[in-house]
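Here the structure is laid out as structure tokens; the discussion comes afterwards.
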Amino acid sequence: MAQAQAKFLQKILTLDRRWIFLMVLVIALVFYKITIPMPVKVTQQSQSFYDAIEQLKAGEIVHITADYTLDVIPELYPMNKALVRRLLEKDVKIIVSTLWIEGVLLTDRVFNETSAELQREGKVKTYGVDYVNLGYKSGNDVVMTHLGTSFAETYPVDAKGTSVAQIPLMKRVKNFDDIALMVNFSVGNPGIRQWLQQVQRRYNVKMLCGATGIMSPDLYSFYQSGQLKGFLAGLVGAAEYEKLLNRPGKATAGMTVQSFEHLIVILLIIVANIAFFLQKLNRGVK
Amino acid sequence: MMVDIISGWLIVFFTLAIMSFLYKDNPIYKLAEHIYVGVSAGYLFVLAVVQTIKPNFWDCVAPLFTAAPGGQWIRVGAGVFGVMFLLRLHKKTSWVSNFPLAVMIGTFAALRMTGLANSDLVGQLHGTINSLNYRGLPLFEWDKPALINNLLIVGGVICVLSYFFFSLEHRGVLNVAGKTGIYFLMITFGSSYGYTVMARTAVLIGRVADLYTYNTSHYAYATIICAIIIITLIHISNVIKKRAEKT
């Protein structure tokens, strides 16, 4: 009996990890189709994010920095799109730049989808007047600080190659003094930490952030100190923002899978720990 | 229409090819990985030319030689620095690249130092200095004075700093504070791990969403067919590998 128990414990502790991968995949495949509505509780940092956006007035300019990549689309794209839509609805003007190459493509996609949606609702938004995609620029911290001097010098042309001197919206912007709010969507370095270091305190810019789950724990201290006025933490942050806007989207739909995946991870941790300690106990008894 | 369908097939094929690594390293995964690296490098190069070199260098320097307005001599300096960097590729002239490298290191070090001091040191210190009955902490705002939360913040910072204080032997009060600091650190690592699981799950959700999207008649059931193709190819590669090992 004791031998069988020891064998079983050993089997659990040396389980081929591919079974775990398979389990995780099956749960994702099943619960993506069987949606069980999950309660989304709005956290204070998401509420602050929402409030800061709602306080903006029509005509004010928001600088969005889309510093993220294709692999984190499920986390950051829903919040990026929800934000852009809300800003355009409020007639707030948007300037987007990116320090990550894929950000150019993602920004184009956000603008194309959102402007098409708004057009169907009878709200026409024009490129160059309501929003601009300045595109990618290499140089990280140097680009950030140079924006504080001049947007036009840092980005002489937009993502399409049009001179910024010919873009009506860009004529209203010299530097961060003309920006009401900055929102960074961040996946790593360069990202929100560098924007906080180089821009927030130096130019006294009001800053919000949408970050991947991995980055989020680092942001609480910046929120607590007031350097960040609010942030959305990963997919759950995006779902919270969708709830606040009363417009459930892809992030809200992903909450069922997320919850069940978390459940299976918690169960696996508990089972592995019990097996580990039981094995240790058995060896001690011997 | 056709482009849409081909795009769908490519998305599904490369998703499944990369995911096949979870089973084991295989030629299909390798193929997908190499194509990804090649495409990324090509895209990066084109963007660097179109969005950086052309507007920041070529468009500013070319007018100088055509007598058109808008030429900037200072941009020639940037071009010279760029050429000096490229001289690194030649063994005899590689030393020249040290000069632009020195400028870059100096600039970035100074920028980072001032930025870090301003944001991560002064800004965070400012966030830690709280009155114990201050109600305005955004994360922990309670109806009653947030005494416990403020104590946790101040106490946590002191304990963690004590753990990393190596100028005195960890005995007595310093030992207790340092050990308490470990618990604060462990809670932080736990929270990071939780968020990491959440982030990875979110990525998986994105892939699963695409697999379902392209598994419709419109896309000729790309997911099922690609899965069958990839499984078959992996099986064939296994068989070939085993035969090669035997011989």
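Of interest is the spacing of the C-alpha centroids, which for segment A:1-77 and segment B:153-174 amounts to 35 Å.
Using every pair of distinct Cα positions in chain B, the Kirkwood expression returns a hydrodynamic radius of 25.7 angstrom. Diagonalising the gyration tensor over the Cα atoms of the protein assembly as shown and scaling each eigenvalue by 5 before taking the square root yields semi-axes of 41, 34, 28 Å, largest first.
Report note on the peptides B:34-41, A:260-267: ranked by the mean count of other C-beta atoms within 10 Å, highest first, their order is A:260-267, B:34-41.
Mind checking the log10 I(q)/I(0) for chain A at q = 0.10, 0.14, 0.16 Å⁻¹? Debye, one equal scatterer per Cα, no solvent, two decimals. For chain A at q = 0.10, 0.14, 0.16 Å⁻¹, log10 I(q)/I(0) is -0.59, -0.98, -1.21. Pick from A:THR162, A:THR65, A:THR154 the residue whose mean-square fluctuation is largest in a GNM of chain A, springs joining Cα atoms under 10 Å. Taking springs between Cα atoms under 10 Å, the residue moving most is A:THR162. Mean per-residue shielding of peptide A:193-203 is 5, counting Cβ atoms of other chains within 10 Å of each Cβ.
Counting only the Cα atoms, segment A:136-286 fills a convex hull of 184 Å³ per residue. Ranking of A:GLU153, A:GLU102 by neighbouring Cβ atoms within 10 Å, starting from the fewest: A:GLU153, A:GLU102.
Please say if segment B:190-247 is rounded, prolate or oblate, where rounded means a/c under 1.5 for a ≥ b ≥ c the square roots of the C-alpha gyration tensor eigenvalues, and otherwise the choice is prolate for a/b larger than b/c and oblate otherwise? Taking the square roots of the gyration eigenvalues as a ≥ b ≥ c, segment B:190-247 is oblate. Extents of segment B:1-104, largest first, come to 57, 41, 20 Å (Cα atoms, principal axes, whole angstrom).
Here the relative contact order of chain A, from alpha carbon pairs under 8 Å that lie six or more residues apart, stands at 26 percent.
Per-residue ellipticity at 222 nm from helix content only, as computed over chain A with -39500 (n - 2.57) for each DSSP H run of at least four residues, stands at -16000 deg cm²/dmol. Take each residue in B:47-57, count the other chain C-beta atoms within 10 Å of its C-beta, and the mean is 5.
Pairs A:LYS137/A:LYS160; A:LYS229/B:LYS179; A:LYS90/A:LYS160; A:LYS41/B:LYS179: which exceed 24 Å Cα-Cα? Check vs 24 Å cut-off fails for A:LYS229/B:LYS179; A:LYS90/A:LYS160; A:LYS41/B:LYS179.
The order of B:TRP95, A:TRP100, going from fewest to most other C-beta atoms within 10 Å of their C-beta, is B:TRP95, A:TRP100. As a rough guide to protection, the peptides B:78-85, A:134-141, A:173-180 ranked by mean Cβ packing within 10 Å, highest first, stand as A:134-141, A:173-180, B:78-85. Residues B:CYS226, A:CYS209, B:CYS60 in ascending order of nearby Cβ atoms (within 10 Å, fewest first): B:CYS60, B:CYS226, A:CYS209.
Which entries in the list B:LYS30/B:LYS242; A:LYS93/A:LYS171; A:LYS11/B:LYS242; A:LYS125/A:LYS171 go over 23 Å, if you measure between the two C-alpha atoms of each? Pairs exceeding the cut-off: A:LYS11/B:LYS242. What share of the DSSP beta bridges in the protein assembly as shown is antiparallel, in percent to the nearest 5? Percent antiparallel among DSSP bridges in the protein assembly as shown is about 5.
Values quoted throughout were computed directly from the atomic coordinates according to the rules given, and no laboratory measurement underlies them. Bear in mind that the values here come from a model prediction, so they are computed numbers and not experimental data. For neighbour counting, all protein chains shown are included, and Cβ atoms are generated from backbone atoms with ideal geometry for every residue, glycine included.
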